[in-house]
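Read the structure below first, then the notes.
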Amino acid sequence: MAATVALGFLVALEIAARHYGLPGPVTNQVREVIYPPKSGFLLYASLGLVMVVLTWRERLIAAASAIGIDLAIVLVRWAFDIKVTGGHPFGNGALWVILGCAVIALTRRTGQERALLLKGVGLGLLLVTGRKTGDTWLLITSKTRPAVLDQYLATADHALGNPSWRVGRIVEAAGPIGAHVLDWVYVQLAVAAVVVALYQLRNVADERRFPGHHLVRTFLVIGLLGPAVYMIFPVVGPVFAFGASGGHWAAADLWPHTLPPVGAPHPMPFDGITPRNCMPSLHTAWATTIFIHSRKGPRVLRCAGAFWLVATLGATLGFGYHYGVDLVAGAVFALTVEAAMQSLARGWDRSGVRLVAHGTAVFAALLVSYRFLPLEMARHPWVFGPLLLLAMASVIHNFVRTTRLWEPKAAPAPLPEPRPQLVT
């Protein structure tokens with residue numbers, strides 16, 4: 001049933017993209033069998049997810065095959081003087097090996113071994129297909145939402161002190177090295193998620209089963225549900241709506257040196273190219289999920305998860321891709337989805353329902369306040385700023401308290417039975 005729903009969703013997106021004269025997620029993924037992929041790192045990360053079901057010998061064979069195929073393709077392009085003008089010159093080999101694993105599962109495996117290998121292949125393909133699906137969603141938002149609501153968020157953001165403007169100036173002052181680091185962290189977020197997922201799935205090959213819940217499940221669900229909110233609350237971001245990158249569509253060239261004035265906001269028309277992908281900040285949601293799932297790992301993984309969260313927040317604000325209120329909504333959205341996925345894995349109960357209902361109510365209240373109360377939020381920042389942070393903190397506190405109660409308790413060590421002593 002899940003496979004049928006996923007296939008139907010991909011076909012629908014393919015049809016929608018074709019309606020606008022562009023290839024959809026299925027076409028783009030098939031092209032990467034031969035053409036340079038958009039992200040070779042992501043394809044190798046996806047192959048790493050497939051490898052969790054393989055033995056060490058099979059992993060070595062898979063990795064060597066992928067690298068060998070990539071080298072062969074590079075040599076063919078060199079021999080025929082084919083220039084790679086877009087994407088990465090590697091990654092096709094990883095996709096070939098993933099598809100080869102699917103063929104082996106269908107032709108050479110049976111029973112539980114076939115099901116396990118197909119699950120691994122499905123997990124890897126879902127990650128790369130999720131990226132293509134997201135790209136198509138962004139195209140749809142730019143074509144179907146001609147007006148954006150950036151003025152509402154820029155006004156509401158006064159309650160938080162306009163953090164995008166302030167962090168933007170810090171990143172600008174830090175110079176190109178800091179900007180390159182933040183950009184790399186921002187772009188390779190999915191690869192960081194795979195690193196944490198590989199730690200969580202490290203015992204799959206030995207146990208011959210997947211755990212009930214892991215990072216990839218939440219990561220994909222966030223990517224599936226988030227674009228629906230894009231359609232409800234289309235926003236392009238301060239660097240476009242209030243910066244030079246927006247061209248003549250921008251309301252003014254203010255970002256990041258001049259704070260936007262406080263005035264009555266209204267929808268503003270924008271071009272049909274820029275994605276309306278700001279509300280909520282899914283990069284914040286994904287980085288929050290990585291942070292949560294890295295907490296049970298070793299120290300180096302916990303430090304990496306914390307670094308990725310902080311750097312992602314810095315990039316989303318410092319590059320002008322998001323407003324501060326986007327990040328608040330993104331964090332609440334991530335915790336709500338994570339709570340729902342954990343409840344689904346362990347079985348729904350009253351605590352799970354309350355946790356998800358609380359997160360959903362806070363998220364809905366944030367959207368409503370951004371849309372209908374931005375002017376009041378800007379005029380009374382010392383009231384609404386703390387209220388926004390307290391609303392987010394309430395979801396965080398409820399999530400931490402509830403999920404700790406869900407963790408299995410270690411059985412106490414049995415006390416030794418008293419033994420009769422010989423009295424002399």
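The values are calculated or read from the model by the stated rules, or taken from the named source; none is laboratory data. What you see is a predicted model; the values in this text were computed from it and never measured. All Cβ positions, even for glycine, are placed from backbone atoms using ideal geometry, and neighbour counts span all protein chains on display. When the accessible area is computed, the model is the full protein with side chains, heavy atoms only, and any ligands, DNA or RNA have been set aside. Shrake-Rupley method; radii C 1.70, N 1.55, O 1.52, S 1.80 Å.
I'd like the full set of residues that are at pLDDT 95 or above and open to solvent by 20 Å² or more (accessible area, probe 1.4 Å), limited to the range 268-282.
If the condition is that a residue be at pLDDT 95 or above and open to solvent by 20 Å² or more (accessible area, probe 1.4 Å), then 269 is the only one that fits.
Being β-branched (Val, Ile, Thr) and more than 20 Å from residue 188 (Cα to Cα) is the filter here; which residues of the range 34-66 pass it?
34, 52, 53, 55, 61 - these are the residues of the range 34-66 that are β-branched (Val, Ile, Thr) and more than 20 Å from residue 188 (Cα to Cα).
From 272, 297, which residue is over 18 Å from the mean Cα position of the chain (by Cα), part of a loop (DSSP other than H, G, I, E, B) and closer than 27 Å to residue 202 by Cβ?
297
Can you find a residue in the range 347-356 that is modelled with pLDDT under 95, hydrophobic (A, V, I, L, M, F, W, C) and in contact with a Lys or Arg (Cβ under 8 Å, 6 or more places away or on another chain)?
So far as the range 347-356 goes, no, none of its residues is modelled with pLDDT under 95, hydrophobic (A, V, I, L, M, F, W, C) and in contact with a Lys or Arg (Cβ under 8 Å, 6 or more places away or on another chain).
Take residues that are aliphatic (A, V, I, L, M) and under 20 Å from residue 56 (Cβ atoms) and tell me which of the helices (runs of 4 or more DSSP H) falling wholly in the range 175-229 contain 1 or more. Please lay out each step first, then the result.
Details: elements: 176-187, 189-200, 204-207.
Answer list for the range 175-229: 189-200, 204-207.
So, of the residues in the range 129-165 that are out of contact with any helix residue (DSSP H, G or I) (no Cβ under 8 Å at 6 or more places or on another chain) and open to solvent by 20 Å² or more (accessible area, probe 1.4 Å), which turns out to be farthest from residue 377 (Cα to Cα)?
Applying the first criterion (out of contact with any helix residue (DSSP H, G or I) (no Cβ under 8 Å at 6 or more places or on another chain)) to the range 129-165 yields 142-143, 146-147.
Of the ones still in play, those that are also open to solvent by 20 Å² or more (accessible area, probe 1.4 Å) are 143, 146-147.
Values: 143: 31, 146: 26, 147: 22 Å.
Here the answer is 143.
So if I check each of 405, 375, 390, which one is in contact (Cβ under 8 Å) with a residue 24 or more places away in the chain, open to solvent by 60 Å² or more (accessible area, probe 1.4 Å) and over 22 Å from the mean Cα position of the chain (by Cα)?
405
Applying the selection to the range 113-150, what residues are hydrophobic (A, V, I, L, M, F, W, C) and at pLDDT 90 or above?
Those that are hydrophobic (A, V, I, L, M, F, W, C) and at pLDDT 90 or above: 115, 116, 117, 118, 121, 147, 148, 149.
What about residue 236, is it in contact with a Ser or Thr (Cβ under 6 Å, 6 or more places away or on another chain) and either surrounded by fewer than 20 Cβ atoms within 10 Å (Cβ to Cβ) or outside any helix (DSSP H, G or I) (or both)?
Spelling it out, residue 236 is indeed in contact with a Ser or Thr (Cβ under 6 Å, 6 or more places away or on another chain) and either surrounded by fewer than 20 Cβ atoms within 10 Å (Cβ to Cβ) or outside any helix (DSSP H, G or I) (or both).
With the requirement that a residue be crowded, with 21+ Cβ neighbours inside 10 Å and not hydrophobic (A, V, I, L, M, F, W, C), what does the range 293-319 give you?
293, 294, 305, 312, 316, 318
If you check residue 181 against the conditions, is it open to solvent by 30 Å² or more (accessible area, probe 1.4 Å), at pLDDT 90 or above, under 23 Å from the mean Cα position of the chain (by Cα) and farther than 30 Å from residue 376 by Cα?
For residue 181, the condition - open to solvent by 30 Å² or more (accessible area, probe 1.4 Å), at pLDDT 90 or above, under 23 Å from the mean Cα position of the chain (by Cα) and farther than 30 Å from residue 376 by Cα - is met.
Starting from residues that are touching a helix residue (DSSP H, G or I) at 6+ places or on another chain (Cβ under 6 Å) and assigned to a helix (DSSP H, G or I), keep the ones in the range 68-89 and report whichever is surrounded by the most Cβ atoms within 10 Å (Cβ to Cβ).
Selected residue: 70.
Being in contact (Cβ under 8 Å) with a residue 60 or more places away in the chain and more than 30 Å from residue 30 (Cβ to Cβ) narrows it down to one residue among 159, 174; which is it?
Every option except 159 fails the conditions.
Would you check if residue 364 is free of Cβ contacts under 8 Å to residues at least 24 places away in the same chain, hydrophobic (A, V, I, L, M, F, W, C) and assigned to a helix (DSSP H, G or I)?
So residue 364 fits the description; yes.
Go through (1) open to solvent by less than 20 Å² (accessible area, probe 1.4 Å); (2) over 14 Å from the mean Cα position of the chain (by Cα); (3) free of Cβ contacts under 8 Å to residues at least 60 places away in the same chain one by one and return the number of the condition residue 330 breaks.
Going through the list (1) open to solvent by less than 20 Å² (accessible area, probe 1.4 Å); (2) over 14 Å from the mean Cα position of the chain (by Cα); (3) free of Cβ contacts under 8 Å to residues at least 60 places away in the same chain, residue 330 breaks only (2).
Pull out all pairs, ordered by first then second residue, where Cβ-Cβ is under 8 Å, the residues are six or more apart or on different chains, the first lies in the range 247-258 and is free of Cβ contacts under 8 Å to residues at least 40 places away in the same chain and on the phi < 0 side of the Ramachandran plot, and the second is among the aromatic types (Phe, Trp, Tyr) and open to solvent by 50 Å² or more (accessible area, probe 1.4 Å).
Pairs that qualify, where the first residue is free of Cβ contacts under 8 Å to residues at least 40 places away in the same chain and on the phi < 0 side of the Ramachandran plot and the partner is among the aromatic types (Phe, Trp, Tyr) and open to solvent by 50 Å² or more (accessible area, probe 1.4 Å), are 249/240; 250/240.
Considering only the range 239-266, state which residues are part of a loop (DSSP other than H, G, I, E, B), out of contact with any Phe, Trp or Tyr (no Cβ under 6 Å at 6 or more places or on another chain) and open to solvent by 60 Å² or more (accessible area, probe 1.4 Å).
Residues satisfying the conditions are 253, 257, 258, 261, 262, 264, 266.
Output the residue which, of all residues in the range 1-52 that are of a type in the set (A, V, I, L, M, F, W, C) and not in a helix (DSSP H, G or I), is surrounded by the most Cβ atoms within 10 Å (Cβ to Cβ).
Ranking the qualifying residues of the range 1-52, first place goes to 52.
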